[in-house]
1. Evaluate the relative contact order of segment 23-170 (contact order divided by residue number), counting alpha-carbon pairs under 8 angstrom at least 6 apart; express in whole percent.
2. How far is it, in nm, from the label point at residue 358 to the one at residue 279 when both lie 7 Å from their Cα along the line to the Cβ?
3. Tell me the angle of helix 332-351 to the major Cα principal axis of the chain, expressed in degrees between 0 and 90 and rounded to the nearest ten.
4. Separation of segment 13-77 and segment 141-189 by C-alpha centroid, Å?
5. Considering Cα pairs under 8 angstrom that are at least six residues apart, work out the relative contact order of segment 1-82 and quote it in whole percent.
6. Can you give the FRET efficiency to the nearest 0.05 for residue 327 and residue 35, using r as the Cβ-Cβ distance and R₀ = 45 Å?
7. Can you tell me the dipole magnitude for the chain around its Cα centre, using point charges on the Cβ only (Lys, Arg +1; Asp, Glu -1), in Debye to the nearest 20?
8. Can you count the Lys pairs in segment 1-131 with C-alpha separation below 19 Å, eight or more apart or on different chains?
Amino acid sequence: MKVGIVGAGGMAAYHAKGFALAGAEVVAVADANPQKASAFAQQQGIKHTYASLAEMVESEADLEAVSIVTPNKFHAPLTIEALGHGLHVYCEKPPARNAGEMEAMYRAANESGKLLMFGFNNRCRPESRAMVDYLDNGVVGTINSAQATWIRRSGIPGFGGWFTDKQLSGGGPVIDLLHMIDLALYFMGYPQPKCVLASTFNDFMGNPAFKGPWGVADGTGKTDVETACHAMVTFTTGQCLMIRNSWAEMNEREVVSVTFQGTKAGGKVERLFGIDGIDETSTDSAVLFTEEFGRQVNRTILFEKDETMGRVGNAMNFIQALRDGVKPMNTPEQAMILMRITDAIYQSSSTGACVNLVSGGSI
């Protein structure tokens, strides 16, 4: 299977490694910056470079799939373009800037009959896969409630660049750090959302003390996105989800976790950081909270740490789903639900009202 990569950004190396490990051949990379494309191709041993997806498709007749690793603004148009050429698509997170763009991608995937998957890599972390075994085997029962957390004390990613420009990114940590929202929904069975109530804040934006390890980017200079979000989501099933996402907030340190409470057991998957943004300073854990023989018991799950946080494994799954018929780790239908929730978070914060997703209005 021959695959191309569009965008030579930081996540592209994980895509290339995952595709190769799954037995695919990465034959080309396209990037509007020719120096960036050439450097990445040389590093990864990729034969051909192009300035655009269109050039790549025209020159690579045997291309079967592409991955999209670009600023969020380009996810939807490039995905739709690739699907229109009859290519399967693996797109980095977030799926799009909003639910409208995601709906267009969803329609394009259905019309093309091609596979569309997204970089929800935290589902592929070993501790997440272990927790899913307990969920699938009924140990947890039904998850009544969950808490999705990705918070930093100091970690605005290159403010002044595309991450902090709403037109390019779609939003701040609500969009950038939606991984734990996705993982919580995945554990819960991806229920249909009913109501969303949220508040967002933009304190510390533009303050160099809160830049984290990414520095201050040379870019547009725009800083019109939020730095923190707190939200509550209820579902038609009666389940509920609390959300905390922040780049900059007066927290103790960076915490990445999903905690849940089930009818038989609770659980938590967590990554704690010694230094915000530096994965090498982090520790991972997974634990079940249950009851045995009349006693309260915490079951610690042992696993081997994945330094890539499932990024390589998720890319491998894309190829395996195409070549071997393995079940895709995520679907466009799930991405639609996720983007509807993120849209509702911004709408609720703007209006101060609870957004009713069942009727499409506000309360």
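1. Result for segment 23-170 is 17 percent.
2. Inter-label distance under the simple model: 4.1 nm.
3. So the helix axis and the longest Cα principal axis differ by about 70 degrees.
4. 26
5. With pairs under 8 Å counted, the relative contact order is 37 percent.
6. Between residue 327 and residue 35 the formula returns 0.70.
7. 500
8. 9
The values are calculated or read from the model by the stated rules, or taken from the named source; none is laboratory data. All of these numbers come straight from a predicted model, not from anything done at the bench. No Cβ is skipped: glycine too gets one built from the backbone with ideal geometry, and neighbour counts run over all protein chains shown. These area figures cover heavy atoms from the full protein model, side chains too; ligands, DNA and RNA do not enter into them. Shrake-Rupley method; radii C 1.70, N 1.55, O 1.52, S 1.80 Å.
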